[in-house]
1. How much of the accessible area of chain A, probe 1.4 Å, is carbon plus sulfur, in whole percent?
2. Determine which residues of the stretch A:1-27 fall in the zone a paramagnetic label at A:THR112 would reach in this model, i.e. backbone nitrogen under 14 Å from the point 7 Å along Cα→Cβ.
3. How large is the translational diffusion coefficient of the stretch A:38-101 in µm² per second when you combine the Kirkwood radius over alpha carbon pairs with Stokes-Einstein at 4 °C and 1.567 mPa s?
4. Show A:SER73, A:SER95 ordered by accessible area, largest first, where the area counts protein heavy atoms only and the probe is 1.4 Å.
5. Write down the accessible area per residue of the protein assembly as shown in Å², having rolled a 1.4 Å probe over the full set of protein chains.
6. So for the protein assembly as shown, Kirkwood radius off the Cα pairs, Stokes-Einstein at 37 °C and 0.692 mPa s: how many µm² s⁻¹?
7. Normalise the Cα radius of gyration of the stretch B:48-90 by 2.2 N^0.38 Å (N = residues in it) and let me know the number.
8. Say each of B:GLU17 and A:HIS7 gets a label point 7 Å from the Cα, pointing the same way as Cα to Cβ; how far apart are those two points in nm?
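The values are calculated or read from the model by the stated rules, or taken from the named source; none is laboratory data. The structure displayed is predicted, hence computed values, not measured ones. Here the Cβ positions follow ideal geometry from the backbone for every residue, glycine too, while neighbour counts run over all protein chains shown. These area figures cover heavy atoms from the full protein model, side chains too; ligands, DNA and RNA do not enter into them. Shrake-Rupley method; radii C 1.70, N 1.55, O 1.52, S 1.80 Å.
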Amino acid sequence: GAVVSQHPSWVICKSGTSVKIECRSLDFQATTMFWYRQFPKQSLMLMATSNEGSKATYEQGVEKDKFLINHASLTLSTLTVTSAHPEDSSFYICSAAQGNTEAFFGQGTRLTVV
Amino acid sequence: LAKTTQPISMDSYEGQEVNITCSHNNIATNDYITWYQQFPSQGPRFIIQGYKTKVTNEVASLFIPADRKSSTLSLPRVSLSDTAVYYCLVAIYGGSQGNLIFGKGTKLSVKP
């Protein structure tokens, strides 16, 4: 299947700083990528839809000024958690689809804010 | 609100066949049924997708009755490494439009 890669796999940052997470589709072009957040023992929750060359679409309750999404190319989308706080600590996962088929997920990024 | 209902957990032993059934009573005509596997601290991994009848790949089989209101994921001869959470999702085009709504999934525990 298609490969979606995230970087970094895990990151620890101080409260108040910003963290950038990259999501790359390695062997296909993805006009749309999706960002999810997963808290411990819970299911994945869609945060936003990232569209190449345009603004992201955020789900209700997700602060667009806090979670900055940039989709600069057909193979790269980035999520920046700005002014991170301990409650932002979570597992962040991206996904992308090749055409109208199933979505493929990255390996996830564990963010810990101390 | 998840559109699917599946058992919260299941236990099995190595070598057994495991069948996980998912209910999706409100499935729409354009919806596909997709199953994902997730290990702790990893992203979901695609297992299988289908629209109707039966689909089989090297990992699993997916059985979908004619009314499509449910589906069953069948894992043949499970091993310890199959211990994971399994999600059943229904979505237009299999989720490529970003409309994947994850339910709680089924936590499968395989014992020796």
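1. 51
2. Counting only backbone N, you get A:9-15.
3. Diffusion coefficient, whole number: 100 µm²/s.
4. Result, largest first: A:SER73, A:SER95.
5. Ligands and nucleic acids excluded, the figure is 50 Å² per residue.
6. Working: Rh = 18.0 Å.
After rounding, the answer is 182 µm²/s.
7. Details: Rg = 11.1 Å, N = 43, 2.2 N^0.38 = 9.2 Å.
Relative to the 2.2 N^0.38 Å estimate, the stretch B:48-90 comes out at 1.21.
8. 4.5
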